[in-house]
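Asker: Structure below; questions to follow.
The values are calculated or read from the model by the stated rules, or taken from the named source; none is laboratory data. Being a predicted model, the structure only gives us computed values, none of them experimental. Don't worry about glycine lacking a Cβ; one is built from the backbone with ideal geometry, like all the others, and counts go over all protein chains shown.
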Amino acid sequence: MSTVLHAHPESGPALGVDAAKPRKVLSEAGMRGRWWRFVLILAITAVVLIPILVTVVLAFTPGPNSTATGLTFENLTNVFSKTLAATWLQNSLITTLSTVVVSVAVAAPAGYVLSRGRSKAVSGYSLLLFVMQSLPIITSVVPLFILFAGMGLVDNLLGLTIIYVGSTMTVATWMMAAYFDSIPISLEEASWIDGCSVFGSFTKVVLRNSLPGILSTAIFAFLLAWNDYLVAIVFLRSNEIFTLPMGVQSFFQQNATDWTSVMALAVVMMLPPVIVFATLNRYFSVGGIGGSLAGR
């Protein structure tokens, strides 16, 4: 008995040390892998940010005919005082915000039908959306221009907004349908039992738990309308109707380019998307319905 008791303290620590070695080796290998991934992501991010940093620096650098030294706001001041940049910014905001509101308002119920519908009509509608999504916008620009010219919608912000809404609708509907699929139908069934209608359950249950999906769809529509240049250059003719991408293009002349003005207006174009992402980033969460499923 004494021999057995004496053997265990000697063998026990030895076995513990041997068992800890593989764990320590695996932990060190995992940390090295994480550091390599972190360095790789950091390098890629730096490469992507270099053009943005150059744009910002040039926007605040004095121009060739300027008497200012160091970083200055002179370029921004000249852009807004000597050009129609304020009007272009207003036009972009009007078309973009209108596109976002209409796209989300239409895509939300359409996506709900795709998510909850189980009929041949819904399947055909879903297939039609997929086919429309696969077609590039350039294939419909010329027919739309001919159609809109007869309706007086060329060189008009309303016509431009209609095209933006139509081009975002397919993807926006798919995005809303994909998020509605993540919401259990049991939540709606519970509201139906309590006397809620289908429309009432959609507005009071589904939409209230779909904030991340709505924001994702809104940001997609915002970026598509805000950054568009192809459609705008076809449908817009007057300087006072230009959007910001068209305004940037107006600084490029045949023999010379005012690069300081281009960079200053480019910074103005970058600010709204940055503000939108910085403001709405905290709302992107997939845990919004966790409390509703606590009893499952």
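Asker: Name the pairs: first residue in the stretch 163-183 and closer than 22 Å to L153 by Cα, second residue of a type in the set (D, E) and not in a helix (DSSP H, G or I), Cβ to Cβ under 8 Å, at least 6 apart or on different chains?
Answerer: Y164/D228
Asker: Assess whether V106 counts as being without any contact (Cβ under 8 Å) to a residue 24 or more places away in the chain, of a type in the set (V, I, T) and surrounded by 13 or more Cβ atoms within 10 Å (Cβ to Cβ). Break it down into steps so the answer makes sense when it comes.
Answerer: Values: without any contact (Cβ under 8 Å) to a residue 24 or more places away in the chain: no; of a type in the set (V, I, T): yes; surrounded by 13 or more Cβ atoms within 10 Å (Cβ to Cβ): yes.
Criteria not met by V106.
Asker: Oh, and also: So, in the stretch 243-296, of the ones that are of a type in the set (G, A, S), exposed (fewer than 13 other Cβ atoms within 10 Å of the Cβ) and modelled with pLDDT under 75, which residue ends up farthest from A221 (Cα to Cα)? First the steps, then the outcome.
Answerer: Residues of the stretch 243-296 of a type in the set (G, A, S): 247, 250, 256, 261, 264, 266, 278, 285, 287-288, 290-292, 294-295.
Adding the requirement that they be exposed (fewer than 13 other Cβ atoms within 10 Å of the Cβ) leaves 256, 278, 285, 287, 290-291, 294-295.
Subset that is modelled with pLDDT under 75: 256, 285, 287, 290-291, 294-295.
Numbers: A256: 34, S285: 19, G287: 24, G290: 28, G291: 30, A294: 34, G295: 36 Å.
The residue in question is G295.
Asker: Could you look through the stretch 172-184, keep only residues that are more than 15 Å from the chain's Cα centre (by Cα) and among the hydrophobic types (A, V, I, L, M, F, W, C), and pick out the one that is surrounded by the fewest Cβ atoms within 10 Å (Cβ to Cβ)?
Answerer: So, considering only residues that are more than 15 Å from the chain's Cα centre (by Cα) and among the hydrophobic types (A, V, I, L, M, F, W, C), the one surrounded by the fewest Cβ atoms within 10 Å (Cβ to Cβ) is A178.
Asker: Do we have S92 as surrounded by 11 or more Cβ atoms within 10 Å (Cβ to Cβ), part of a loop (DSSP other than H, G, I, E, B) and either at pLDDT below 85 or touching a Leu at 6+ places or on another chain (Cβ under 6 Å) (or both) here?
Answerer: Working: surrounded by 11 or more Cβ atoms within 10 Å (Cβ to Cβ): yes; part of a loop (DSSP other than H, G, I, E, B): no; either at pLDDT below 85 or touching a Leu at 6+ places or on another chain (Cβ under 6 Å) (or both): yes.
No, not satisfied.
Asker: Provide a single number: the residues in the stretch 181-195 that are assigned to a helix (DSSP H, G or I), under 18 Å from G117 (Cβ atoms) and not acidic (D, E). Please lay out each step first, then the result.
Answerer: Step one: of the stretch 181-195, the residues assigned to a helix (DSSP H, G or I) are 181, 185-193.
Then drop every residue that is not under 18 Å from G117 (Cβ atoms), which leaves 181, 185-189, 192.
Next, from what is left, pick out any that are not acidic (D, E): 185-187, 192.
Here the count works out to 4.
This table checks each residue for (1) out of contact with any Gly (no Cβ under 7 Å at 6 or more places or on another chain); (2) surrounded by fewer than 16 Cβ atoms within 10 Å (Cβ to Cβ); (3) closer than 25 Å to A107 by Cα.
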{"position": "S186", "(1), (2), (3)": "yes, yes, yes"}
{"position": "W192", "(1), (2), (3)": "yes, yes, yes"}
{"position": "F199", "(1), (2), (3)": "yes, yes, yes"}
{"position": "A218", "(1), (2), (3)": "yes, no, yes"}
{"position": "L230", "(1), (2), (3)": "yes, yes, yes"}
{"position": "R237", "(1), (2), (3)": "yes, yes, no"}
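Asker: Applying the selection to the stretch 114-125, what residues are in contact (Cβ under 8 Å) with a residue 40 or more places away in the chain and surrounded by fewer than 18 Cβ atoms within 10 Å (Cβ to Cβ)?
Answerer: Quick first cut of the stretch 114-125, residues in contact (Cβ under 8 Å) with a residue 40 or more places away in the chain only: 114-116.
The answer is R116, and nothing else.
Asker: Can you find even one residue in the stretch 95-110 that is over 29 Å from Y179 (Cα atoms), part of a helix (DSSP H, G or I), modelled with pLDDT of 80 or more and small (G, A, S)?
Answerer: Let us first name the residues in the stretch 95-110 that are over 29 Å from Y179 (Cα atoms), namely none.
No.
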